[in-house]
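Notes for the one structure printed next.
The values are calculated or read from the model by the stated rules, or taken from the named source; none is laboratory data. If you're wondering where the values come from, they're calculated on a predicted model, not measured in any experiment. With ideal geometry, Cβ positions are generated from the backbone for all residues, glycine too; neighbour counts draw on all protein chains shown. Quick note on the areas: whole protein, heavy atoms, side chains included, nothing else; ligands and nucleic acids left out. Shrake-Rupley method; radii C 1.70, N 1.55, O 1.52, S 1.80 Å.
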Amino acid sequence: MRTCAALLLVPLLLLACRQTAAQAGAPAKYEPEDGYHSYVRWNGLAREAVSTRYPGAALIDMHYLGCTCESPSSRQYLFKYWLRRHGREFGVYATVDAPLGAGAPRAAAAETADARIASFARWERHAAAAVRAKHPGAELVGRKPFGCRWLGAGAARQAFRFWIRQDDRNRLLRVEVDYALDTRRPIAARVESLREF
């Protein structure tokens, strides 16, 4: 009987001692408009466009590349699919234009070589440079696009999450790169530490 009571108390004690994400200072797990989680919403539309253009192709892999927001009324979400059809493998980019207000989203797919789209790679490089400047010598373990926003006055923002390792510590960082829409030049880059583990 004593063993049964102890087994019942252990899960209750674990629940009582567990910190919530808000108590631990961790970032929210789901931010509906953050640009990263939105890819789940638009992935189906992008896949449908790819399937229509390349019927019978087998999906091997999918990679969410990020979003752009260069007007106050819409965002573009970019996906890359790796397909196999008729014994040949190739990459396909699919873009979903998603209006922020009224209007129906639409998707477009285009076959391309296995190369990064320059604008997305550019902001990722600037974000990585900002991380290296703030944390010299840190190992960049991983990175993901994490949102976009139109800032007005001819500027937009790309956000990323970086995972770095330095001095036997891991850190999760939010990195934002603001850039001018007309020149495509960075205006500012900010690095914010979200969590250490």
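I'd like the residue in the range 166-197 that is within 24 Å of Ala155 (Cβ to Cβ) and of a type in the set (Lys, Arg) and, out of all such residues, is most open to solvent (accessible area, probe 1.4 Å).
Of the residues in the range 166-197, the ones within 24 Å of Ala155 (Cβ to Cβ) are 173-192, 194.
Retained after the next criterion (residues that are of a type in the set (Lys, Arg)): 174, 184-185, 190.
Numbers: Arg174: 51, Arg184: 81, Arg185: 163, Arg190: 88 Å².
Selected residue: Arg185.
So, in the range 119-133, of the ones that are under 16 Å from the mean Cα position of the chain (by Cα) and of a type in the set (D, E, K, R), which residue ends up least open to solvent (accessible area, probe 1.4 Å)?
Our first condition is that a residue be under 16 Å from the mean Cα position of the chain (by Cα); within the range 119-133, this holds for 119-128.
Now narrow it down to the ones that are of a type in the set (D, E, K, R): 122, 124-125.
On the way: Arg122: 68, Glu124: 34, Arg125: 151 Å².
Of everything passing the filter in the range 119-133, Glu124 is least open to solvent (accessible area, probe 1.4 Å).
Yes or no: Glu192 closer than 29 Å to Tyr54 by Cβ, of a type in the set (Asp, Glu) and without any contact (Cβ under 8 Å) to a residue 60 or more places away in the chain? So that I can check it myself, show each step before the final result.
Values: closer than 29 Å to Tyr54 by Cβ: no; of a type in the set (Asp, Glu): yes; without any contact (Cβ under 8 Å) to a residue 60 or more places away in the chain: yes.
Against the criterion (closer than 29 Å to Tyr54 by Cβ, of a type in the set (Asp, Glu) and without any contact (Cβ under 8 Å) to a residue 60 or more places away in the chain), Glu192 does not qualify.
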Requested in this report: List the number of the failed condition for Pro136; all other conditions in (1) closer than 23 Å to Arg190 by Cβ; (2) outside any strand (DSSP E or B); (3) open to solvent by less than 70 Å² (accessible area, probe 1.4 Å) hold.
Outcome: (3)
Query - Test: Gly147 is open to solvent by less than 60 Å² (accessible area, probe 1.4 Å) and not aromatic (Phe, Trp, Tyr) - result: yes
Query raised in the report: Checking Glu89 against (1) in a strand (DSSP E or B); (2) of a type in the set (Asp, Glu); (3) within 15 Å of Gly66 (Cα to Cα), which test does it fail?
Result: (3)
Query raised in the report: Among (1) closer than 25 Å to Val175 by Cβ; (2) open to solvent by 40 Å² or more (accessible area, probe 1.4 Å); (3) of a type in the set (A, V, I, L, M); (4) modelled with pLDDT under 90, where does Ala110 come up short?
Result: (1)
Query - Single condition Ala121 does not satisfy, out of (1) in contact (Cβ under 8 Å) with a residue 40 or more places away in the chain; (2) closer than 26 Å to Ala98 by Cα; (3) small (Gly, Ala, Ser) - result: (1)
